[in-house]
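The values are calculated or read from the model by the stated rules, or taken from the named source; none is laboratory data. Predicted model, so just to flag it, every value in this text is computed and none were measured. Please note: Cβ atoms are built from the backbone with ideal geometry, for glycine as well, and neighbour counts cover all protein chains shown.
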């Protein structure tokens with residue numbers, strides 16, 4: 001059975017004429033008759049009463065006509081649904097992000113939702129190291145990473161630039177310092193995240209390079225708990241600046257520059273290199289790039305490494 005045969009059958013029934021059905025479908029009358037014949041062979045039933053030339057249905061034809069209309073209607077609905085998806089009037093995009101990079105997503109999500117309110121966005125919290133594998137398993141459409149995954153099947157664009165920031169309680173002895181060196185931090189108690197990352201390793205390497213002990217007094221599971229513990233006066237911490245911008249604006253912490261430790265974080269929107277992005281995912285990528293270009297700190301890096 002072919003769609004054109006269904007179309008011919010429905011046209012004959014609705015036009016009540018083989019000749020008018022042929023005009024409607026821009027085909028010859030013999031071609032319409034042949035299409036109906038092949039459809040009846042496929043169905044194993046006579047669908048039209050051959051004693052009438054006006055397309056009168058048999059009992060089998062009446063039953064089949066209902067199903068033929070459903071098939072043709074579903075085809076049109078699917079075409080309309082695809083058009084809506086291309087226009088970003090529906091669809092879904094799933095994004096993998098860890099705790100800190102989810103904060104980057106919020107302003108981009110706001111802009112995307114304002115433009116495409118009918119597209120569902122799902123942010124799946126993932127460990128940063130697991131996001132590349134999740135992308136390659138098609139579990140997510142996009143991933144936010146603070147490092148280059150260096151995988152041949154993945155592509156990434158830099159969409160934001162952040163840095164590690166040393167925070168202290170407001171009453172800490174270093175809080176009013178214009179800057180400190182790593183050696184000045186040898187006696188301090190640090191609060192750290194309990195999940196290893198490339199940036200944590202770079203901090204450890206920097207302290208070792210300056211022959212300065214890094215005293216980690218506590219390891220906590222989230223940046224929020226780290227911030228609260230620092231606020232309780234239990235130590236100091238290195239955290240992504242984007243995660244403490246509001247607290248710094250409210251002067252709940254002090255941010256102290258470390259002269260010999262400047263670690264920049266480039267946030268990358270990552271996706272599968274050889275797979276076509278859905279309309280929703282492509283739309284999100286475009287919004288993220290536009291947002292990056294509008295940010296002074298990210299100027300010139302949206303198409304980055």
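Within the group 242, 234, which residue is in a loop (DSSP other than H, G, I, E, B), in the same structural domain as residue 180 (by TED's automatic domain parsing) and surrounded by 15 or more Cβ atoms within 10 Å (Cβ to Cβ)?
Checking each option against the conditions leaves just 234.
Inside segment 109-171, counting only strands (runs of 3 or more DSSP E) that do not spill past its ends, which hold 3 or more residues that are buried (at least 21 other Cβ atoms within 10 Å of the Cβ)?
Once the strands (runs of 3 or more DSSP E) in segment 109-171 are filtered for at least 3 residues that are buried (at least 21 other Cβ atoms within 10 Å of the Cβ), what remains is 142-145, 154-169.
Between a first residue in segment 190-203 that is assigned by TED's automatic domain parsing to the domain that holds residue 101 and a second residue that is crowded, with 20+ Cβ neighbours inside 10 Å and in a helix (DSSP H, G or I), which pairs have beta carbons less than 8 Å apart while being 6 or more apart in sequence or on different chains?
Here the result reads 191/226; 191/230; 192/226; 193/226; 197/128, each pair linking segment 190-203 to a residue that is crowded, with 20+ Cβ neighbours inside 10 Å and in a helix (DSSP H, G or I).
Looking at segment 246-266, which of its residues are surrounded by 18 or more Cβ atoms within 10 Å (Cβ to Cβ), modelled with pLDDT of 90 or more and in contact with a helix residue (DSSP H, G or I) (Cβ under 7 Å, 6 or more places away or on another chain)?
Within segment 246-266, 253, 258, 261 meet the criteria.
Where the second residue is outside any helix (DSSP H, G or I) and at pLDDT below 50 and the first is under 15 Å from residue 107 (Cβ atoms) and lies in segment 277-305, which pairs have Cβ atoms under 6 Å and are six or more apart or on separate chains?
Final answer for the pair search is 289/302; 292/302; 293/302.
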